[in-house]
Amino acid sequence: MSLLVVGLSHRSAPVSVLERVSLPTDIQVKLLQDALAAEPATEAAVLVTCNRIELYADVDKFHAGVAELSTLLAQHSGVGLEELTPYLYVHYEDRAVHHLFSVACGLDSMVVGEGQILAQIKDALALGQELHTAGRLLNDLFQQALRVGKRAHSETGIDRAGQSLVTFGLEQLAAGRAVEAWAKGASALVIGAGSMSSLAAATLARAGVDEIVVANRTAARADRLVEILGQPGGTGVTARAVGMGAVGDELTRADVVVSCTGSTGVVLTADAVEAAVYGRRAPLALLDLAMPRDVDAAVHRLGGVRLVDIESLAEASADAPMAADVDQVRTIVSDEVAAFGAAQRAAHITPTVVALRAMAAEVVSSEVARLDGRLPDLDERQRAEVTRTVRRVVDKLLHAPTVRVKQLASEPGGAGYADALRELFDLDPQTVAAVSRADLNDTDGVGRGRV
């Protein structure tokens, strides 16, 4: 395993840099294709969230891999390599596994313990599978990361250590009051109809707002979100959809605004917000969850407005108390990293063991055929008994060493046992490679889409 990850996140880069790094889905596709076309990488996957971009690859050369992946990130993200490099981090092999497992558990999130990252990891895996850029290593890695994340949330109280960005942001706007008490009876405007905006609308509905207005460039998506909010058995909130052209008018009536679009430019200018709050008595609460930001940063300086954005959330989360459950999750991550490494090392020797057993089977067949020529008078029952006996002898001779070599190979530093086995039994490297390819193809077919 030569797993490499190069990336940047809210922990390594300021928001001013993160919001300029953009990787929409079509660019992600091109990035993955270019990563595979580059010489050091044989597999690739990209993980993109509102405050994280990471490129994972299976590489055969560390330094060349770091250089190539860094260059590709710069080329496709729109930020020059020279400017991007100081904010990039690199993890390799077990440290890369540890990093992804920590990310999956929410330990590396802006709000510790948030569970939305699991859906984003699942999306990264699905894209890699769809493009066939994720092979055995990355399929195994991302699927195991999802299992580790789910285990952390089910076996510990990590959920008590943090919430979603939406909940955390609303708590910051409520400024010490219970969100339900602060939001009760309010009118909310949600700009955008993607997953984060939908979560915000649902959270506001549960908190007790009277009305939710959804504004989106695509009318069908806004209508669909409004339909979901108004379903029987739901919160009973009044919801309606409007076009983006109506946002200015809706701002004047809203008490709470949540914006999270995929726009690359500012959606709410300082002038638009200032005009909306002119003459009103109650302050306007704005939550900007977009990256890059939807709301002009100059809004922070306006009177009658409270703006919480990704940057202020990062500052607030740094002071948030850590739950004791975090230590338990860290233990889970460490145990799972060790288990994953052992499984990968053991899998590395499997093709060699299979090739050895195939060679032994050929020897048995050859010797049985030779026996037929020398003892033609053996009847079918006798011939079958001789064949079974020879096979049992060979199986017993190979059993102990093959089991032991798998055990040894699963330990740190055990990669050399496959080479030793091939050398001792003079196994054809092409035969071992053929077994590896067949096994990989079978694994890809079975594992694709399995989480």
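The values are calculated or read from the model by the stated rules, or taken from the named source; none is laboratory data. In this text, all values refer to a predicted model and were calculated from it rather than measured experimentally. Reconstructed Cβ throughout: ideal geometry from the backbone, glycine too, with neighbour counts over all protein chains shown. Heads up: the accessible areas ignore ligands, DNA and RNA and are worked out on the full protein's heavy atoms, side chains in. Shrake-Rupley method; radii C 1.70, N 1.55, O 1.52, S 1.80 Å.
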Please list, or write none, the aspartates and glutamates whose alpha carbon is within less than 18 Å of the alpha carbon of residue 122, excluding same-chain residues fewer than 8 places away. 26, 43, 54, 108, 114, 130, 140, 444
How large a share of the accessible area of the chain, in percent, is made up of carbon and sulfur atoms when the probe is 1.4 Å and the other protein chains stay in place? 53
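Kirkwood hydrodynamic radius of the stretch 209-256 from all distinct Cα pairs, in Å?
11.1
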The chain, convex hull of Cα, quarter of hull surface, nm² -> 28.0
So the angle from the long Cα axis of helix 94-104 to the longest Cα principal axis of the chain, reported in degrees to the nearest 10, equals 40
Counting only C-alpha contacts under 8 Å and six or more residues apart, can you give the relative contact order of the stretch 97-150 as a whole percent? 42
Given charges of +1 on the Cβ of Lys and Arg and -1 on the Cβ of Asp and Glu, with all other atoms neutral, how large is the dipole of the chain about its Cα centre, in debye to the nearest 20? 860
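What order do 227, 311 take when sorted by accessible area (1.4 Å probe), most exposed first?
227, 311
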Probe of 1.4 angstrom, ligands and nucleic acids ignored: what's the accessible area per residue over the chain, in square angstrom? 48
Do you know the relative contact order of the chain, to the nearest whole percent, from alpha carbon pairs under 8 angstrom that are 6+ apart? 14
Whenever you get a sec, line up 114, 180 from highest to lowest accessible area (probe 1.4 Å, protein heavy atoms). 180, 114
Any lysines with Cα under 18 Å of the residue 184 Cα? List them, leaving off those in the same chain fewer than 8 positions away. none
